[in-house]
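Notes for the one structure printed next.
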Amino acid sequence: MKPITTKWVYLIALSLVWGSSFILMKYALVGLNPIQVGALRIIITAFFLMLIGFKSVLRLTRKDWFYIGLSAILGTYFPVFLFAIAIDNMDSAIAAILNSFTPFNALLIGALFFGFSFQKRQILGILIGLIGTILLILNGNSIGSLNDYYYPSFILLASVGYAFNVNIVKKYLQDVKPLAITTATFMVVFIPALIRLINTDFFNAFEATPEIKKSLLFITILSVVGTAIAKTFFNKLVQISSPIFSTSVTYLIPIVAVFWGVFDGEKLSLFQLFSGLVILLGVYLVNRVKKN
């Protein structure tokens, strides 16, 4: 498969998986609080990755561990909890839409802190993509509201962490195996997450009610498929493309998230369809290869 085709396959697959992650998180929060959801997501993911990828981390150098640790804190640990808290207090589709600011942050942070260059065409594509997300927000009567700006700011802050993550991986971990990066990342944040879970009195107060069992099922699916496997694929995508292309998956995620909302009983308007097409146009402009 050609490299250009491969990166688009990764992009579409990740958009489907991560677009579904928001509804899974929402269902997991029915029986668990946000801190428990965030901590369990890290812990379950770490166990799964250590089972399949522990050998891959043995060849990591001290320098690799430093940048993976930095990426783990900024791009995994804090965003996991920020998203869980936000989605517990706002509509999951709106959270997915706000996450679309990640490519803009990746471009800005890459230029300011990592020395990456960009083209005017990419700026135009990002602006068009942002217009699409704003149009979706303006149609909030169908998918939620932004009356409280406190929790949406958590999503924007998490997107900054994601932006640092992709730039760190691209610049300093380009030659490290994606599975090694993902496994080491969750090994770094495993103990802090376990401490957070213990502090919620989860083990002492645990009751195997049907509600909690369902929540644990959803968080397990989210951890294994939506985090462990997806994040490994994402690290590979960053290596074979660019930070801007990789984070443009966040422009496709809201489309999937909104469709999940329709499946869950919400109505999809023509305005939302138009907004989705605007977002796709932005993704195309950001990633279109300029012919010589």
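Taking a ≥ b ≥ c as the square roots of the Cα gyration tensor eigenvalues, with a/c under 1.5 meaning rounded and otherwise prolate when a/b beats b/c, else oblate, which class fits the range 49-89? Write out the running numbers ahead of the final one.
Numbers: a/c = 7.28, a/b = 1.94, b/c = 3.74.
In terms of gyration-tensor shape, oblate.
Sticking with the crude label model, points 7 Å out along Cα→Cβ, report the distance from Lys214 to Phe271 in nm, one decimal please.
Rounded to a tenth, the inter-label distance reads 3.1 nm.
Arranged by the count of other C-beta atoms within 10 angstrom, fewest first, what order do Ser20, Ser275 take? Could the numbers behind the result be given before it?
On the way: Ser20 20, Ser275 24.
Placing the least packed residue first, the sequence is Ser20, Ser275.
With contacts defined as alpha carbon pairs under 8 Å and 6 or more residues apart, what's the relative contact order of the range 11-157 in percent?
Details: 91 pairs, mean separation 47.1, N = 147.
It comes to 32 percent, rounded to a whole number.
Per 10 Å bin from zero, what fraction in whole % of the C-alpha pairs of the chain is there, up to the bin with the longest pair?
That works out to 7, 29, 36, 22, 6, 0, 0, in percent per bin.
Within the chain, what's the longest stretch lacking chymotrypsin sites (Phe, Trp or Tyr not before Pro) that sit in DSSP loops with no more than 12 other Cβ atoms inside 10 Å?
The segment 1-148 is the longest one with no such site.
For the cross-link pairs Lys63/Lys120; Lys7/Lys214; Lys26/Lys120; Lys26/Lys231, which exceed 31 Å when the distance is taken from alpha carbon to alpha carbon? Write out the running numbers ahead of the final one.
On the way: Lys63/Lys120 34 Å; Lys7/Lys214 34 Å; Lys26/Lys120 38 Å; Lys26/Lys231 20 Å.
Result: Lys63/Lys120; Lys7/Lys214; Lys26/Lys120 exceed 31 Å.
Would you work out the relative contact order for the chain, in percent, from Cα pairs under 8 angstrom that are 6 or more residues apart? Intermediate results must be reported in sequence, preceding the final value.
On the way: 438 pairs, mean separation 116.1, N = 292.
For the chain, the relative contact order is 40 percent.
Given the options Thr76, Thr200, Thr182, state which has the largest fluctuation in a GNM of the chain using a 10 Å cut-off (strictly under) for Cα springs.
Thr200
For the chain, what does -39500 (n - 2.57) per DSSP helix run (n ≥ 4), summed and divided by total residues, give at 222 nm, in deg cm²/dmol to the nearest 500? Don't jump to the answer; show the numbers that get you there.
Numbers: 16 runs with 219 residues, N = 292.
After summing the helix terms and dividing by the residues of the chain, the value is -24000 deg cm²/dmol.
Of Val176, Val169, how do they rank once you tally other Cβ atoms within 10 Å and put the fewest first?
Details: Val176 21, Val169 26.
Ranking Val176, Val169 by Cβ neighbours within 10 Å, fewest first, gives Val176, Val169.
For a quick check of your reading of the filter: which trypsin sites (Lys or Arg not before Pro) in the range 45-142 sit in a DSSP loop and have no more than 14 other Cβ atoms within 10 Å?
Working: sites: Lys55, Arg59, Arg62, Lys63, Lys120, Arg121; in loops: Arg59.
Passing sites in the range 45-142 are Arg59.
On full extension of the chain, what length is gained from Ser117 through Ala205, given 0.36 nm per residue of separation minus the C-alpha to C-alpha distance?
Details: separation 88, 0.36 × 88 = 31.68 nm, distance 5.17 nm.
Answer, rounded to one decimal: 26.5 nm.
Under a GNM of the chain (C-alpha, springs under 10 Å), which listed residue has the highest mean-square fluctuation: Gly276, Gly115, Gly125?
Per the Cα network of the chain with a 10 Å cutoff, Gly115 tops the list.
With the chain treated as a Gaussian network of Cα nodes joined by springs under 10 Å, which of Asn204, Asn235, Asn99 yields the largest mean-square fluctuation?
So, out of Asn204, Asn235, Asn99, the one fluctuating most is Asn204.
The numbers here are math on the coordinates, done by the rules we state, and not lab data. Keep in mind that what you see is a predicted model, and the values were worked out from it rather than measured. Here Cβ is always computed from backbone atoms with ideal geometry, including for glycine, and neighbour counts include all displayed protein chains.
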